[in-house]
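J.: Structure below; questions to follow.
The values are calculated or read from the model by the stated rules, or taken from the named source; none is laboratory data. Everything quoted here is computed from the prediction, not taken from an experiment. We place every Cβ from the backbone using ideal geometry, glycine too, and count neighbours over all the protein chains shown. Only protein heavy atoms, including side chains, enter the accessible area calculation; ligands, DNA and RNA are left aside. Shrake-Rupley method; radii C 1.70, N 1.55, O 1.52, S 1.80 Å.
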Amino acid sequence: MNDAAVQPLSARRREEVLATPGFGDVFSDHMVTMRWSAEMGWHDAKVGPLDAMSLHPATMALHYGQTIFEGMKAFWRANGQRALFRPTDHARRFNRSARRLTMPTLPEQHFVAALEALLRVDGDWVPRPRGHSLYLRPFMIAAETGLGLRPAEEYLFAVIGTPARPASVEPNPMRLWAAPEYIRAAPGGTGAAKCGGNYGGAFVAQRQAAANDCDEVVWLDARERRFIEEAGGCNLFFVESTADGPRLNTPPLSGTLLAGITRDSILRLARSLGLPVVQQPVTLDEWEQGCRDGRIAETFACGTARSIVPVGHVVGAHRDWPVGDGVAGPVTSRLRAAMLDIHHGRASDEFGWMRLVETDGQ
Ligand code: PLP
Ligand code: COI
């Protein structure tokens, strides 16, 4: 149900929502907005009630696709504090997306201050159970009115929040659809940016995945359609069996996939847990063969919204194969637990990833 019309929600309704959050269907009570113009730079920063926006039909974002966004999370901690996960790293990626889309960059401290401001007033919206979070969606759109084919000279930045649950406490393994018909990104394109068009262009393949009883798409490289890049809305890791024990491998950042903050966190976390990591290209054939002969023991997907989820099965146009035992393997489960412990303050934050925010809530 979309409660936007009756925001702010009563405390009772909010508690009901928090007891069974979905993803992106109910929003917290406030929003942050800020404007940019060529003349004034960033100005007019506001924290206000969540409200509909009125847009002229010739608003440039609606026509030429200058829209970028981030996805990040705030977690509840045992002592009642709330904390943002790696906000400065999300700010940096937001600015990389802005540069690629010829949009203005936002100073990192303004980006983080906007997130903190929303979390401060909507602290009561952070769900408490392990793995649950308040998902924060900062975004920017070209707000100038006009149909001239050029970058806009006015922009709107905003942050909204939605309580989110994990796929499940022990998530069901994903079934991935790997077919070469559609591609997500090509060299020189926008694949490394978090811009709206990348997602709109992917839905046709997502539909195909669903029609084949799969949860998501595996994206292959544009040139040869052999190399694995990432999956829909998440990066991929392979757990390889070597004579020295398990080793993690994830496709290198080729410029056509998103540099996931979760991906980077896993690379660092794994090293600190003593797990070797490499970033080497893997083809679809190598993935299948590796799963069949045991060289690839596990595969998992990772991203902010999904967290860390095992891949149990891969389906293609003329083939399909199970991954490992088809359930979460030990390395996937260990990394998932270690990450959740950091999120919820149950393990020391050795990387300095969590940013505590004093909130107005209980
Ligand atoms: N790849 C794509 C296309 C995504 O949309 C996401 C989600 O943000 C990811 C990867 C994972 O990135 P992150 O871990 O920063 O959420
Ligand atoms: C995220 O994980 O934050 C994403 O952006 C994936 C999807 C919900 C767009």
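J.: Checking Pro163 against (1) within 15 Å of ligand 2 (Cβ to nearest atom); (2) open to solvent by 10 Å² or more (accessible area, probe 1.4 Å); (3) in a strand (DSSP E or B): exactly one of these is not met. Which one?
T.: Among (1) within 15 Å of ligand 2 (Cβ to nearest atom); (2) open to solvent by 10 Å² or more (accessible area, probe 1.4 Å); (3) in a strand (DSSP E or B), the lone unmet condition for Pro163 is (2).
J.: Tell me, which helices (runs of 4 or more DSSP H) wholly within the stretch 175-287 include 1 or more residues that are closer than 24 Å to Trp353 by Cα, more than 18 Å from the chain's Cα centre (by Cα) and of a type outside the set (A, V, I, L, M, F, W, C)?
T.: By residue number, 261-272.
J.: In the stretch 181-194, which residue that is open to solvent by less than 40 Å² (accessible area, probe 1.4 Å) and touching a helix residue (DSSP H, G or I) at 6+ places or on another chain (Cβ under 6 Å) is farthest from ligand 2 (Cβ to nearest atom)?
T.: Ala193
J.: Just wondering, is there one or more residues in the stretch 327-336 that are touching a helix residue (DSSP H, G or I) at 6+ places or on another chain (Cβ under 7 Å) and surrounded by 20 or more Cβ atoms within 10 Å (Cβ to Cβ)?
T.: Scanning the stretch 327-336 turns up at least one residue that is touching a helix residue (DSSP H, G or I) at 6+ places or on another chain (Cβ under 7 Å) and surrounded by 20 or more Cβ atoms within 10 Å (Cβ to Cβ).
J.: Going residue by residue through the stretch 136-143, is there one that turns out to be at pLDDT 95 or above, in contact with a Lys or Arg (Cβ under 8 Å, 6 or more places away or on another chain), open to solvent by less than 30 Å² (accessible area, probe 1.4 Å) and part of a loop (DSSP other than H, G, I, E, B)?
T.: Among the residues of the stretch 136-143, at least one is at pLDDT 95 or above, in contact with a Lys or Arg (Cβ under 8 Å, 6 or more places away or on another chain), open to solvent by less than 30 Å² (accessible area, probe 1.4 Å) and part of a loop (DSSP other than H, G, I, E, B), which makes the answer yes.
J.: A follow-up question, please. In the stretch 304-318, how many are within 16 Å of ligand 1 (Cβ to nearest atom), open to solvent by 10 Å² or more (accessible area, probe 1.4 Å) and in a strand (DSSP E or B)?
T.: Residues in the stretch 304-318 being within 16 Å of ligand 1 (Cβ to nearest atom), open to solvent by 10 Å² or more (accessible area, probe 1.4 Å) and in a strand (DSSP E or B): 1 in total.
Residues checked against (1) in contact (Cβ under 8 Å) with a residue 40 or more places away in the chain; (2) small (Gly, Ala, Ser):
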position: Glu39; (1), (2): no, no
position: His63; (1), (2): yes, no
position: Gln66; (1), (2): yes, no
position: Gly80; (1), (2): yes, yes
position: His90; (1), (2): yes, no
position: Arg99; (1), (2): no, no
position: Thr105; (1), (2): no, no
position: His110; (1), (2): yes, no
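Here is a yes/no grid of residues against (1) among the polar types (S, T, N, Q); (2) within 16 Å of ligand 2 (Cβ to nearest atom); (3) out of contact with any Asp or Glu (no Cβ under 7 Å at 6 or more places or on another chain):
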{"residue": "Ala74", "(1), (2), (3)": "no, yes, yes"}
{"residue": "Ala78", "(1), (2), (3)": "no, no, yes"}
{"residue": "Arg82", "(1), (2), (3)": "no, no, yes"}
{"residue": "Phe85", "(1), (2), (3)": "no, yes, yes"}
{"residue": "Arg99", "(1), (2), (3)": "no, no, yes"}
{"residue": "Thr105", "(1), (2), (3)": "yes, no, yes"}
{"residue": "Glu108", "(1), (2), (3)": "no, no, yes"}
{"residue": "Leu115", "(1), (2), (3)": "no, yes, yes"}
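J.: Right, next: I need a count of the residues in the stretch 48-79 that are within 16 Å of ligand 1 (Cβ to nearest atom) and more than 22 Å from the chain's Cα centre (by Cα).
T.: Here the count works out to 0.
J.: Taking the condition among the β-branched types (Val, Ile, Thr), touching a residue at least 24 places away in the same chain (Cβ under 8 Å) and within 16 Å of ligand 1 (Cβ to nearest atom), does Ile296 pass? I'd like the intermediate steps shown before the answer.
T.: On the way: among the β-branched types (Val, Ile, Thr): yes; touching a residue at least 24 places away in the same chain (Cβ under 8 Å): yes; within 16 Å of ligand 1 (Cβ to nearest atom): no.
The answer is no for Ile296.
J.: Out of contact with any strand residue (DSSP E or B) (no Cβ under 7 Å at 6 or more places or on another chain) and more than 10 Å from ligand 1 (Cβ to nearest atom) - does that describe any residue in the stretch 228-239? Working first, answer last.
T.: First, pick out the residues of the stretch 228-239 that are out of contact with any strand residue (DSSP E or B) (no Cβ under 7 Å at 6 or more places or on another chain): none.
Checked against the condition, which is being out of contact with any strand residue (DSSP E or B) (no Cβ under 7 Å at 6 or more places or on another chain) and more than 10 Å from ligand 1 (Cβ to nearest atom), the stretch 228-239 yields no hits at all.
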